[in-house]
């Protein structure tokens with residue numbers, strides 16, 4: 001079995017059996033991290049798969065989260081079978097509209113336009129009754145699917161999130177290996193050459209942007225259902241920056257890098273927030289997190305995903321050097 005595939009299989013197997021040994025806090029924490037991993041995978045499709053650096057991904061995440069509250073009837077849980085697709089469609093539709101306009105720009109202009117659209121969505125939610133203002137909105141009852149799926153309990157919510165993460169990972173793995181994925185890779189490497197060979201690159205980029213936004217909406221749906229509460233900060237540019245850091249930290253260009261980056265970023269946050277370890281300094285956790293990220297990027301410019309190859313290179317290098325020394329002796 002390929003080592004990369006083995007890593008993914010073992011990682012998902014470990015996540016599947018984790019609730020057996022973990023307490024309530026651990027289950028809640030890993031559920032949150034898996035939601036961030038879905039979010040990171042959505043951006044990985046754009047940045048690593050297509051070469052488009054989007055700084056407005058939080059808008060699609062936040063809209064997917066708010067859609068849960070907008071579409072849920074008061075006092076009762078909505079049917080998961082239609083609520084989840086509806087939230088994904090809301091985020092995907094906004095992504096299609098944003099992409100249709102922003103993809104006509106390139107480079108830093110594309111980054112700024114996506115940020116501008118995200119900020120527009122943020123202020124609409126923040127300053128109008130549509131999003132409950134700065135107070136946000138509480139979810140009266142969590143959605144479910146009859147007696148089959150009840151997301152108001154930690155373990156079912158954990159397993160449902162894990163299933164969504166596995167589905168998104170598998171979907172993107174197949175997508176990037178398809179003809180469509182190879183076209184996206186060609187756009188990332190050299191868009192002008194793709195156009196010269198007869199490809200119209202705009203529809204491919206728009207499709208990737210829309211799929212990415214829809215997957216971010218799925219992550220937003222999971223976040224809203226887990227916490228039972230949404231506020232405008234879910235659409236802020238800070239969150240867009242955080243998810244970009246996740247995929248850089250894990251390793252751009254690798255789906256498993258998005259998973260590793262999401263877990264590393266969230267666990268580093270928890271580590272530096274720990275008053276038991278850092279005492280009063282824990283309230284300055286951003287400083288410690290920043291230094292840790294700088295060190296990781298400096299030492300591992302291709303991300304944490306390259307740690308195994310670095311280790312194997314060191315081991316193989318020593319193994320090769322030993323016979324040479326023996327022969328010389």
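Below is a table of values for the structure above.
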quantity: Candidate set from region 280-310 (those that are in contact with a helix residue (DSSP H, G or I) (Cβ under 7 Å, 6 or more places away or on another chain) and over 12 Å from residue 264 (Cβ atoms)); member that is surrounded by the fewest Cβ atoms within 10 Å (Cβ to Cβ); calculated: 282
quantity: Test for residue 216: is it out of contact with any strand residue (DSSP E or B) (no Cβ under 7 Å at 6 or more places or on another chain), within 27 Å of residue 76 (Cα to Cα) and in a helix (DSSP H, G or I); calculated: yes
quantity: Only listed residue being in contact with a helix residue (DSSP H, G or I) (Cβ under 7 Å, 6 or more places away or on another chain) and under 27 Å from residue 71 (Cβ atoms), chosen from 207, 219, 183; calculated: 219
quantity: Any hit, region 112-124, residues being in contact with a strand residue (DSSP E or B) (Cβ under 8 Å, 6 or more places away or on another chain), touching a residue at least 24 places away in the same chain (Cβ under 8 Å), outside any loop (DSSP other than H, G, I, E, B) and under 15 Å from residue 63 (Cα atoms); calculated: no
quantity: Filtered residues of region 275-329 (kept if at pLDDT below 75 and more than 29 Å from residue 259 (Cβ to Cβ)); calculated: 318, 319, 320, 321, 322, 323, 324, 325, 326, 327, 328, 329
quantity: Selection from region 61-77 of residues that are touching a strand residue (DSSP E or B) at 6+ places or on another chain (Cβ under 8 Å) and at pLDDT 85 or above; calculated: 62, 65, 66, 68, 69
quantity: Residues being in contact with a helix residue (DSSP H, G or I) (Cβ under 6 Å, 6 or more places away or on another chain), over 16 Å from residue 250 (Cβ atoms) and either surrounded by fewer than 11 Cβ atoms within 10 Å (Cβ to Cβ) or in contact (Cβ under 8 Å) with a residue 24 or more places away in the chain (or both) - total across region 261-279; calculated: 0
quantity: Residue check, residue 132 farther than 19 Å from residue 36 by Cβ, surrounded by 15 or more Cβ atoms within 10 Å (Cβ to Cβ), in contact with a strand residue (DSSP E or B) (Cβ under 6 Å, 6 or more places away or on another chain) and in contact (Cβ under 8 Å) with a residue 12 or more places away in the chain; calculated: no
quantity: Breaking point among (1) farther than 22 Å from residue 206 by Cβ; (2) over 12 Å from the mean Cα position of the chain (by Cα); (3) buried (at least 24 other Cβ atoms within 10 Å of the Cβ), for residue 59; calculated: (1)
quantity: One residue from 89, 8, 68, 30 being buried (at least 24 other Cβ atoms within 10 Å of the Cβ), touching a helix residue (DSSP H, G or I) at 6+ places or on another chain (Cβ under 9 Å) and part of a helix (DSSP H, G or I); calculated: 68
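The values are calculated or read from the model by the stated rules, or taken from the named source; none is laboratory data. What you see is a predicted model; the values in this text were computed from it and never measured. Don't worry about glycine lacking a Cβ; one is built from the backbone with ideal geometry, like all the others, and counts go over all protein chains shown.
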